[in-house]
Amino acid sequence: MDFYTTRLLTDAPEDITVAATLLREGELVAIPTETVYGLAADALNGPAVARIFQAKGRPMDNPLIVHVADWDEVAPLTAEIPENARKLAQAYWPGPLTMILKKSARIPDEVSAGLSTVAVRMPSHPVARAIIKASGCPLAAPSANRSGIPSPTTAAHVLADMDGRIAAVVDGGECRVGVESTVVDVSQPVPRLLRPGGITPEMLEEVVGLIEIDPAVTHALDEGAVAASPGMKYKHYAPKATILLIKGTSEGYVAYVNAHRGDGVGALCFEEQAAGLQVPAVPYGRQDDPASQAHGVFDALRRLDELGIQTAYAACPAEDGMGLAVYNRLLRAAAFQVVTLNE
Ligand code: AMP
Ligand code: MG
């Protein structure tokens with residue numbers, strides 16, 4: 001792998017021009033989006049896209065999302081655009097929604113990992129949009145973290161993982177949503193939710209009627225099963241600390257954690273719980289505010305490691321609405337280790 005002196009760019013127009021030029025030359029640039037930071041390359045340049053997998057240590061069979069700035073860019077990337085895709089784009093683009101569509105011949109195999117479909121998203125972040133427009137190419141961009149660990153929501157997170165491995169990072173501040181986009185497969189008659197995110201199942205159903213939810217959203221895949229979304233079969237979002245997800249009341253959670261205090265034990269909790277805990281506590285959001293939990297969860301997972309916590313008990317978010325996206329990430333961070341309190 002090449003070694004880079006990774007440049008830290010701002011979101012000023014002259015730096016956006018630098019980022020766009022690097023991307024056109026086939027280099028990798030981390031960019032802010034409203035979900036998490038993405039590690040971008042020209043989506044139509046196969047060798048450039050292949051470098052994303054090297055820099056992240058990402059398995060080659062895990063396909064990437066292609067980011068566009070305008071609706072007109074979608075047709076050349078896809079074989080057909082079903083009515084459901086048009087309706088969802090009308091309702092939620094630009095925004096944190098990725099759609100799986102049948103791909104056109106222009107999509108390099110590196111992007112789609114050999115599948116017959118391609119994932120497409122139109123981000124709303126003004127800096128992401130400006131970079132796509134200035135580069136003149138659709139951008140393939142997975143989250144800009146080393147594979148398997150929590151996604152980056154600040155430029156500092158990106159540098160911690162990617163310094164020396166990529167050409168540049170554009171600093172656009174903290175990501176607003178904080179978890180990756182909702183992924184929905186609209187290449188089939190009944191849309192299927194593959195990954196929950198900022199656009200909730202309820203919001204999708206308002207536009208397209210009943211959807212299916214892939215079992216892998218809330219369950220570990222059986223050994224040998226084929227993943228509808230290849231990313232779901234890998235260890236994911238995991239800090240060095242061992243995470244256990246605790247299901248129960250808020251009082252039950254605090255009592256359980258205090259009963260298990262000891263060396264290296266910590267809590268990944270809600271803000272309201274921190275004062276009652278007798279172990280180092282890292283709050284990841286407010287109890288009844290799943291959007292605040294989504295915004296904070298990846299930074300909090302990284303903070304556990306900075307504090308040297310070895311075992312963290314995590315308060316379980318709600319399993320519907322925006323909570324489902326947070327629950328999905330924490331289940332994977334916990335490698336599906338869940339304790340249900342007997343209260
Ligand atoms: P990341 O960008 O790191 O959040 O990862 C992109 C996610 O989208 C992964 O979970 C991929 O498995 C999923 N994805 C990308 N392309 C496809 C596709 N064609 N079909 C199903 N899932 C996809
Ligand atoms: Mg990722």
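Throughout, read-outs are computed from the coordinates displayed, never taken from laboratory work. Nothing here was measured: the structure is a model prediction, and the numbers come from that model. A quick note on method: Cβ atoms are made from the backbone with ideal geometry, for glycine too, and the neighbour counts reach across all protein chains shown.
Of the residues making up region 96-119, those that are more than 9 Å from ligand 1 (Cβ to nearest atom), buried (at least 21 other Cβ atoms within 10 Å of the Cβ) and either among the aromatic types (F, W, Y) or closer than 14 Å to V68 by Cβ (or both) are L97, M99, I107. Could you look through region 327-337, keep only residues that are closer than 19 Å to Y256 by Cα and surrounded by 14 or more Cβ atoms within 10 Å (Cβ to Cβ), and pick out the one that is nearest to the chain's Cα centre (by Cα)? Taking the candidates together, the pick is L330.
Close Cβ contacts (under 6 Å, 6 or more residues apart or on different chains) running from residues in region 122-149 that are in contact (Cβ under 8 Å) with a residue 40 or more places away in the chain and farther than 30 Å from A241 by Cα to residues that are basic (K, R) and more than 15 Å from ligand 1 (Cβ to nearest atom) comprise S135/R24.
When I199 is tested against the conditions (1) among the β-branched types (V, I, T); (2) surrounded by fewer than 16 Cβ atoms within 10 Å (Cβ to Cβ); (3) touching a Phe, Trp or Tyr at 6+ places or on another chain (Cβ under 7 Å), the lone failure is (2).
Filtering region 229-247 to residues that are part of a loop (DSSP other than H, G, I, E, B), more than 16 Å from ligand 2 (Cβ to nearest atom) and buried (at least 17 other Cβ atoms within 10 Å of the Cβ) leaves only A241. Scanning region 17-62 for residues that are free of Cβ contacts under 8 Å to residues at least 60 places away in the same chain and within 15 Å of ligand 2 (Cβ to nearest atom) yields a total of 2.
Within region 53-69, is there a residue that is surrounded by fewer than 21 Cβ atoms within 10 Å (Cβ to Cβ) and assigned to a helix (DSSP H, G or I)? Among the residues of region 53-69, at least one is surrounded by fewer than 21 Cβ atoms within 10 Å (Cβ to Cβ) and assigned to a helix (DSSP H, G or I), which makes the answer yes. In summary, strands (runs of 3 or more DSSP E) completely within region 274-343 and bearing 1 or more residues that are of a type in the set (G, A, S) and in contact (Cβ under 8 Å) with a residue 12 or more places away in the chain occur at 281-283, 311-315.
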